[in-house]
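In what follows, a structure is listed as structure tokens, so that the remarks can point back to it.
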């Protein structure tokens, strides 16, 4: 049986220690969580027994979190370190990343934030043994790992990435990828180019709020598209060959857009079978979608509003959107109810564009 992961939680606030100890012990991997309230005590505990992860606050009396980080990183270079703080100071954040911190997390304020925090910690604990590839500054992590952590933490940052004479930047704003650039490329093409670099150096700088958004794809969809492009570049095209394991195609790829709960493609010919992803009753939904499209088209005609472009609504469990394509038929997409209407509209546009292309 594999040994349990061990987490050391450092905070001078006893109530916070109790709360986050309980939250971390609820993780699926059931880690052992020990707590301490001073930097000196944390270092002594790390010296006395092995831990997989240190989660620390920054603002503490006597020895603050940055001092702890400097000592711990030097003495325990393989230890995973997460900052959990109430500070909203970009200087602290930059200095923490410079010390080799894997994630900088503002103390969650909502149930959704807490769930994201738990998911990130569980993912870090379960990640496979370090490989030889990686980016210096965060323990042998791939650039995909770094970007996912920044996006899941809803951070705003600029990643400066270099590999030999190659240099690139990725702009992240509130957990979404806004833009990327290399010497010769920009936008999504630059992002794909940067992710093809298997190793190198990186620096994380404060976000640039003035940067205009060029990349509209969600970070999940962008990472998926990039992974598929890299797989295709490595694999010779053979129409008779099976796809490599892990390559997601068809409607499943559309399901990787943030907030999408199901996808249903309805061909123009009723005799042709529908195609669906993550939907238990596709024919029932297809019949409803066809009827809804017809009804909405009649309303549009009576109002002289022209042809129906896209329709969206909200039910008890999901939001939904419908959009027709002249040749491919009707696309019906379900969304988690947590998405705001404008987020549904924007995501539907990206899903439809990818499906129609």
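The values are calculated or read from the model by the stated rules, or taken from the named source; none is laboratory data. These figures come from a predicted structure and were not determined experimentally. Note that we place each Cβ from the backbone using ideal geometry, even for glycine, and neighbour counts take in every protein chain shown.
Only one of 25, 47 is at pLDDT 90 or above, within 21 Å of residue 4 (Cβ to Cβ), touching a helix residue (DSSP H, G or I) at 6+ places or on another chain (Cβ under 8 Å) and surrounded by fewer than 14 Cβ atoms within 10 Å (Cβ to Cβ); which?
Of the residues listed, the single one that is at pLDDT 90 or above, within 21 Å of residue 4 (Cβ to Cβ), touching a helix residue (DSSP H, G or I) at 6+ places or on another chain (Cβ under 8 Å) and surrounded by fewer than 14 Cβ atoms within 10 Å (Cβ to Cβ) is 47.
Looking at residue 93 and the list (1) without any contact (Cβ under 8 Å) to a residue 40 or more places away in the chain; (2) under 24 Å from residue 205 (Cβ atoms), which single condition is not satisfied?
It is condition (1) that residue 93 fails.
Take the conditions surrounded by 14 or more Cβ atoms within 10 Å (Cβ to Cβ) and within 23 Å of the chain's Cα centre (by Cα) and apply them to residue 56. Does it pass?
yes
In segment 179-196, which residues are surrounded by 21 or more Cβ atoms within 10 Å (Cβ to Cβ) and free of Cβ contacts under 8 Å to residues at least 40 places away in the same chain?
Selection gives 179, 180, 190, 191.
For the list (1) loosely packed, with under 15 Cβ neighbours inside 10 Å; (2) modelled with pLDDT of 90 or more; (3) within 26 Å of the chain's Cα centre (by Cα), I need the number of the one condition that residue 264 fails.
(1)
Report yes if residue 92 is crowded, with 16+ Cβ neighbours inside 10 Å, within 14 Å of residue 150 (Cα to Cα) and over 18 Å from the mean Cα position of the chain (by Cα), otherwise no.
no
Tell me, which residue of segment 135-159 that is surrounded by fewer than 19 Cβ atoms within 10 Å (Cβ to Cβ) and in a strand (DSSP E or B) is modelled with the lowest pLDDT?
Applying the filter and picking the extreme gives 136.
Looking at 288, 320, which is the one that is under 30 Å from residue 152 (Cα atoms) and free of Cβ contacts under 8 Å to residues at least 40 places away in the same chain? Don't jump to the end; show me each part of the working.
Values: 288 fails: under 30 Å from residue 152 (Cα atoms).
Just one listed residue meets the conditions, 320.
Under 8 Å between Cβ atoms, which residue pairs at least 6 apart in sequence (or on different chains) link something in segment 64-79 that is over 12 Å from residue 46 (Cα atoms) with a partner that is assigned to a helix (DSSP H, G or I)?
Filtered contacts from segment 64-79: 64/39; 65/39; 65/96; 66/92; 66/95; 66/96; 67/39; 69/96.
Can you confirm whether segment 106-121 contains a residue that is at pLDDT 80 or above, part of a loop (DSSP other than H, G, I, E, B), surrounded by 15 or more Cβ atoms within 10 Å (Cβ to Cβ) and under 19 Å from the mean Cα position of the chain (by Cα)?
yes
For segment 197-221, how many residues are crowded, with 19+ Cβ neighbours inside 10 Å and either modelled with pLDDT of 80 or more or outside the structural domain of residue 171 (by TED's automatic domain parsing) (or both)?
Here the count works out to 4.
Where residues in segment 268-291 are crowded, with 16+ Cβ neighbours inside 10 Å and assigned to a loop (DSSP other than H, G, I, E, B), which of them is farthest from the chain's Cα centre (by Cα)?
The qualifying residue farthest from the chain's Cα centre (by Cα) is 274.
Results for (1) closer than 14 Å to residue 262 by Cα; (2) outside the structural domain of residue 265 (by TED's automatic domain parsing); (3) surrounded by 22 or more Cβ atoms within 10 Å (Cβ to Cβ); (4) out of contact with any helix residue (DSSP H, G or I) (no Cβ under 7 Å at 6 or more places or on another chain), shown as yes or no for each residue.
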{"residue": "319", "(1), (2), (3), (4)": "yes, no, yes, no"}
{"residue": "328", "(1), (2), (3), (4)": "no, no, no, no"}
{"residue": "337", "(1), (2), (3), (4)": "yes, no, no, yes"}
{"residue": "340", "(1), (2), (3), (4)": "no, no, no, yes"}
{"residue": "343", "(1), (2), (3), (4)": "no, no, no, yes"}
{"residue": "348", "(1), (2), (3), (4)": "yes, no, yes, yes"}
{"residue": "352", "(1), (2), (3), (4)": "yes, no, no, yes"}
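So how many residues does segment 286-319 have that are under 19 Å from residue 351 (Cα atoms) and modelled with pLDDT under 90?
Residues flagged as under 19 Å from residue 351 (Cα atoms) and modelled with pLDDT under 90 within segment 286-319 amount to 10.
Taking segment 78-104, which residues are under 17 Å from residue 173 (Cα atoms) and touching a helix residue (DSSP H, G or I) at 6+ places or on another chain (Cβ under 6 Å)?
Residues satisfying the conditions are 103, 104.
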